[in-house]
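Undergrad: Have a look at this one before I ask anything.
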Amino acid sequence: FRVLRPGGTVVAKAVHRFASLHQGLMQSLIDDPSFVALIGRELEDGQHRSPKDRDYFTTAFFHLPEELESEVRGAGFVADQLLPVQGPGLLANDLEERLSDPGRRETLFALIRSVETERSLLGISPHIVVVAQKPRPR
C-alpha cells in the first residue's frame, strides 16, 4: 500500500481453498490417505501442511474468495474485481484440441467470458485474483 501511488492498481493472486481437492481428483491422489487428510484440513481452515514423508507443495494458506478480498481491504485497498485464473475451460475434455482450432477456441472463450465474473463459479479455479485500487486522497 505504501509504495503504490494513489489511484494505482494492485493485482493479488491466491491459491483457492479447493485447489488440492481439484488436484487430488484429477491426479488420483485421493487414493492416498495422507492426501485426503491434507484436503480435509485445507477445507476446514485453509492450512496446507504436507506430511513430512510427502512433498505435496509447500506450507501455505489457501484462500476462500472472501478471505482474499478481506485481506486486500484490510490493507486499505478498494477491491474492484475477483476473478478466476483458470475457469470452466479446465472442464473441457478436449481442451488442447479446442484451443488449436480458431473457431472452437473462440466459442470456448466466449462462453468463459460470459461467466468469468460469476462468483458462484470461483471454486472451479485453483487460483483466484483480486484487482484493487489504492484510494485517492480527498
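Undergrad: Quick one: count up the residues across region 90-133 that are touching a Phe, Trp or Tyr at 6+ places or on another chain (Cβ under 6 Å) and outside any helix (DSSP H, G or I).
TA: Number of matching residues: 1.
Undergrad: Separate question: Could you check region 1-24 and list, in sequence order, the residues that are outside any loop (DSSP other than H, G, I, E, B) and of a type outside the set (A, V, I, L, M)?
TA: Keep residues of region 1-24 that are outside any loop (DSSP other than H, G, I, E, B), which gives 9-16, 19-24.
Those that are outside any loop (DSSP other than H, G, I, E, B) and of a type outside the set (A, V, I, L, M): THR9, LYS13, HIS16, SER20, HIS22, GLN23, GLY24.
Residues are listed down the side, and each one gets a yes or a no for (1) surrounded by 12 or more Cβ atoms within 10 Å (Cβ to Cβ); (2) acidic (Asp, Glu); (3) in a strand (DSSP E or B):
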| site | (1), (2), (3) |
| --- | --- |
| ARG41 | yes, no, no |
| LYS52 | no, no, no |
| PHE57 | yes, no, no |
| LEU68 | yes, no, no |
| VAL72 | yes, no, no |
| ALA79 | yes, no, yes |
| LEU82 | yes, no, yes |
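Undergrad: Another one. If I filter region 13-28 down to residues being touching a residue at least 24 places away in the same chain (Cβ under 8 Å) and open to solvent by 30 Å² or more (accessible area, probe 1.4 Å), which single residue comes out as nearest to ALA79 (Cα to Cα)?
TA: LYS13
Undergrad: Could I ask something else about it? Could you tell me which of the residues ARG49, ARG2 is at pLDDT below 95, more than 21 Å from the chain's Cα centre (by Cα) and at negative phi? Give the steps one after another, and end with the answer.
TA: Details: ARG49 fails: more than 21 Å from the chain's Cα centre (by Cα).
Result: ARG2 is the single residue among ARG49, ARG2 that is at pLDDT below 95, more than 21 Å from the chain's Cα centre (by Cα) and at negative phi.
Undergrad: Just one of (1) touching a Leu at 6+ places or on another chain (Cβ under 6 Å); (2) open to solvent by 90 Å² or more (accessible area, probe 1.4 Å); (3) of a type in the set (Lys, Arg) trips up ARG98, so point out which.
TA: Of everything listed in (1) touching a Leu at 6+ places or on another chain (Cβ under 6 Å); (2) open to solvent by 90 Å² or more (accessible area, probe 1.4 Å); (3) of a type in the set (Lys, Arg), ARG98 misses just condition (2).
Undergrad: Which residue pairs have Cβ atoms closer than 7 Å, lie 6 or more positions apart in sequence or on different chains, and pair a first residue in region 73-95 that is within 17 Å of HIS22 (Cα to Cα) with a second residue that is of a type outside the set (A, V, I, L, M) and open to solvent by 30 Å² or more (accessible area, probe 1.4 Å)?
TA: Within 7 Å, the pairs are PRO84/GLU116; VAL85/LYS13; VAL85/HIS127; GLN86/HIS127; GLY87/GLU116; ALA92/ARG98.
Undergrad: Still on this structure: Condition first: at pLDDT 90 or above, open to solvent by less than 50 Å² (accessible area, probe 1.4 Å), within 30 Å of PHE1 (Cα to Cα) and more than 15 Å from the chain's Cα centre (by Cα). Can you find one or more residues in region 121-132 that meet it?
TA: yes
Undergrad: Write out, first by first residue and then by second, each pair whose Cβ atoms fall under 6 Å of each other, whose residues are 6+ apart or on separate chains, and whose first residue, in region 115-137, is in contact (Cβ under 8 Å) with a residue 12 or more places away in the chain and hydroxyl-bearing (Ser, Thr, Tyr) while the second is open to solvent by 30 Å² or more (accessible area, probe 1.4 Å) and not in a helix (DSSP H, G or I).
TA: From region 115-137, the pairs are SER125/PRO84; SER125/VAL85; SER125/GLN86.
The values are calculated or read from the model by the stated rules, or taken from the named source; none is laboratory data. Computed from a predicted model, the values in this text were never measured in an experiment. Don't worry about glycine lacking a Cβ; one is built from the backbone with ideal geometry, like all the others, and counts go over all protein chains shown. Just so you know, the surface numbers come from the protein's heavy atoms only, side chains and all, with ligands and any DNA or RNA stripped out. Shrake-Rupley method; radii C 1.70, N 1.55, O 1.52, S 1.80 Å.
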